[in-house]
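Got a structure here, written out as structure tokens. Questions coming.
Rule-based calculations on the coordinates, nothing more; no lab input. Keep in mind that what you see is a predicted model, and the values were worked out from it rather than measured. Ideal geometry is used to build each Cβ from the backbone, glycine not excepted, and the neighbour counts take in all protein chains shown.
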Amino acid sequence: IVSSVALVVLSPFLLLTAIAIIVEDGIPAVFKQKRVGLNGEVFEMHKFRSMKNIKENESKFAIDEQHRVLKIGKIIRPIRMDETLQFYDILRGAMSFVGPRPEQVKFVEDYNQMIPFYGSRHKLKTGLTGWAQIMYQYAANLEQSKKKLSYDLYYVKNRSTILDLQIILKTIEAVVWKRGAM
């Protein structure tokens, strides 16, 4: 219900964002990427494209791609507008509103080998927002990913309606104050 309402309410902004991306850098306006979700299942996640359109198959941290950020990307990323298409992923059942963020397939394969209990974060459906996203910085290397995992595992163990509401409120605060965006 929340994702349906969000898509309807945000639809004018979604349209304007798509047009701005197309005008600046051409089609496609939507970025699709395979991510790992519940029980390790791979699904296709949708975002507005905020970076220049180049064909690369290599998995990279977003922090390593800052030189590719579009002008419109500098506007939509701090307010998380690039993430709003994930309401569609929630609507179709691939994601939840709150849960560990879905990660790129290659990173999950690597982290499953290098970080004990990494696969435990996939016991829940991945989410648009989560405890690790609001309580920790963007993880751009193995050590930071280990630390971020501790927040995901805390959420997996302590998941509750109250905790979900707390995460949602902190996410709204982060969007309004543009905290933590790259």
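Provide the gained length on full extension for the span M135 to K34, in nm with one decimal, where the gain is 0.36 nm per separating residue minus the Cα-Cα distance.
33.9 nm
Continuing with the same structure: Report the full-extension gain for the segment K123 to K146: residue separation times 0.36 nm, less the Cα-Cα distance, to one decimal in nm.
Contour length minus Cα-Cα distance gives 6.6 nm.
M51's amide H: which non-local residues (gap 5+, or another chain) put their own amide H closer than 5 Å, with H modeled 1.01 Å from N in plane and none for Pro or chain starts?
Distant-sequence amide H within range of M51: L70.
Convert each backbone phi in the range 132-140 into a coupling constant with the Karplus relation 6.51 cos²θ - 1.76 cosθ + 1.60 (shift: θ = phi - 60°), then list the ³J(HN,Hα) values in order as whole Hz, x for Gly and Pro.
5, 5, 8, 9, 9, 6, 4, 8, 10
Go through the range 19-27 residue by residue and turn each phi into a ³J(HN,Hα) via Karplus (6.51, -1.76, 1.60, θ = phi - 60°); whole Hz please, and just put x for glycine and proline.
My calculation for the range 19-27 gives 4, 4, 5, 5, 5, 6, 9, x, 8 Hz in order.
Could you list which residues have their amide H under 5 Å from that of G127, counting only those 5 or more apart in sequence or on another chain, with H placed in the peptide plane?
It is S96, G99, R101, by chain and number.
Right, next: Of K123/K157; K74/K146; K146/K170; K52/K74; K34/K146; K32/K170, which sit over 18 Å apart, Cα to Cα?
Pairs exceeding 18 Å: K74/K146; K146/K170; K34/K146; K32/K170.
Going by average Cβ neighbours within 10 Å, how do the peptides 23-34, 78-89 rank, with the highest at the top?
78-89, 23-34
If you count the DSSP beta bridges with both ends in the chain, what percent of them are antiparallel, to the nearest 5?
Expressed as a percentage, antiparallel bridges in the chain total about 85.
While we're on this one: Picking from L165, V36, L15, whose Cα lies most toward the positive end of the charge dipole for the chain (charges on Cβ: Lys, Arg +1; Asp, Glu -1)?
L165
Hey, rough spin-label estimate for Y154 and F13, points 7 angstrom out along Cα→Cβ, what's it come to in nanometres?
About 2.8 nm separates the two model spin labels.
For the chain, modelled as a GNM with alpha-carbon contacts under 10 angstrom, which of I76, I21, I54 fluctuates the most?
I54
Let a ≥ b ≥ c be the square roots of the eigenvalues of the Cα gyration tensor of the range 57-165; is it rounded (a/c under 1.5), or, if not, prolate (a/b larger than b/c) or oblate?
It comes out oblate by the Cα gyration axes.
Looking at [x] 111; [y] 251; [z] 157, which value of volume of the Cα convex hull per residue in Å³ comes from a calculation on the structure shown?
Among [x] 111; [y] 251; [z] 157, the one derived from this structure is [x].
OK, next. Which whole-number percentage describes the relative contact order of the chain, with Cα contacts under 8 Å and a sequence gap of 6 or more?
Answer for the chain is 23 percent.
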